[in-house]
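As structure tokens, the structure follows; a few thoughts come after it.
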Amino acid sequence: MGLLARIRKEWFIIGIVLVILAAKLQPSVGVRGGPLKPEITVAYVAVSLIFFNSGLSLKTEELTSALLHVRLHLFVQSFTLIFFPLAIWLLLRVLALTAIDQWLLRGLQTVSCMPPPVSSAVILTKAVGGNEAAAIFNSAFGSFLGIVVTPVLLLLFLGSSSSVPFSTIFSQLFMTVVVPLILGQVCRSFLREFLERKKPPFGAVSSAVLLMIIYTTFCDTFSIPDIELDPTSLLLVVLIIFSIQLSFMLLTFAFSTRSGSGFSPADTVAIIFCSTHKSLTLGIPMLKIVFEGYEHLSLISVPLLIYHPAQILIGSVLVPTIRDWMNSRQKSSLLLRQGPIPTLLP
């Protein structure tokens, strides 16, 4: 394979490296309030584009079918909003015996209480070729659910409470998720023949948008002001976060592929990403509201700022591996349904 062909095939991984380097060199460009205005271009325009793109590319019957996949939805929402926080709470009982900064540990607990994101899980599921419709539903529904559930979980595990502007967050989610998705479906009804004939690169568009999200996320991460933080504690938290993500991805994979689970390989892909990803877009505003006035808010926010880019990096790196697994499983299922190929005897 030539160099140019290799670059074309691996352009997304190369893009991730380049945008991270760009964010490291000049983080002020993509931070909140910076020249790129990510509080508008990412929070509204990029997320809206992702769901408009999904609405345009998804067949209406696929979206309708996904809405009725109740078992999958229960699995994802129960894992991310019940099992995840409880598992981290138990883990923190052990980590509390170590010398890791207690405020960073509280930050890990806040991460566990966050709803799924409305962008990365959908894009990665689409990149693999999984059940994108199920990923869209669970990301959107989980985010709406998180508006109510996340503050309750924070109160339960951390004892912090505050008034949360439900109407503001609900309106933002409705305008950036539901409305673009519906508009995409409406446009598809008029452009169906053209889309099926031309087959636009919907996946490439979503991946390009994800690179923008990665860039602005790392700009925020690299621009964290110097705070009194033990480097050893920070390194341990980074290792713990990567371990949690990989462990939970393996756990969801094991449960969704076990005999009798009733999930297809495409369903498993959506489950892996939607169950283990956490929202930074909703998470940071919620932390600022719930922990308003806390002098250690910056420390509490650090694990979420690490978790978000980590989940995108891990997911992006694993896309080819998961895609190969899904394709092989789908081929095996197809061969089993077709039965043995008859041979001609002499």
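Sequence-ordered 3J(HN,Hα) estimates for region 127-141 from the Karplus curve with 6.51, -1.76 and 1.60 and θ = phi - 60° stand at 5, 6, x, x, 7, 5, 4, 5, 5, 4, 4, 5, 5, 5, 5 Hz, glycine and proline given as x.
Which shape class, rounded, prolate or oblate, goes with region 114-162 when its Cα gyration tensor gives a ≥ b ≥ c as root eigenvalues, a/c under 1.5 marks rounded, and past that a/b bigger than b/c marks prolate? The shape class here is prolate. Packing order of peptides 325-331, 153-159, highest average first: 153-159, 325-331 (average count of other Cβ atoms within 10 Å over each peptide's residues). Of the cross-linked pairs 37/126; 199/278; 59/126; 278/331, those separated by over 20 Å at the C-alpha level are 37/126; 199/278; 278/331.
Let a ≥ b ≥ c be the square roots of the eigenvalues of the Cα gyration tensor of region 86-220; is it rounded (a/c under 1.5), or, if not, prolate (a/b larger than b/c) or oblate? Please report the intermediate quantities before stating the final value.
Details: a/c = 2.83, a/b = 1.96, b/c = 1.44.
Cα axes put region 86-220 in the prolate bin.
Solvent exposure of region 83-140 amounts to 30 Å² per residue of accessible area, where only protein heavy atoms count and the probe is 1.4 Å.
Dividing the radius of gyration of the alpha carbons in region 2-66 by their Kirkwood radius gives 1.14 for Rg/Rh. The rule of thumb for compact globular proteins, 2.2 N^0.38 Å, goes into the C-alpha radius of gyration of region 1-112 1.57 times.
Could you look at region 1-156 and say what percent of its accessible area is carbon and sulfur, using a 1.4 Å probe and all protein chains?
Taking all protein chains in place, region 1-156 shows 72 percent carbon and sulfur surface.
The values are calculated or read from the model by the stated rules, or taken from the named source; none is laboratory data. These figures come from a predicted structure and were not determined experimentally. Because the Cβ atoms are built from the backbone with ideal geometry, glycine has one as well, and the counts that use them run over all protein chains shown. Just so you know, the surface numbers come from the protein's heavy atoms only, side chains and all, with ligands and any DNA or RNA stripped out. Shrake-Rupley method; radii C 1.70, N 1.55, O 1.52, S 1.80 Å.
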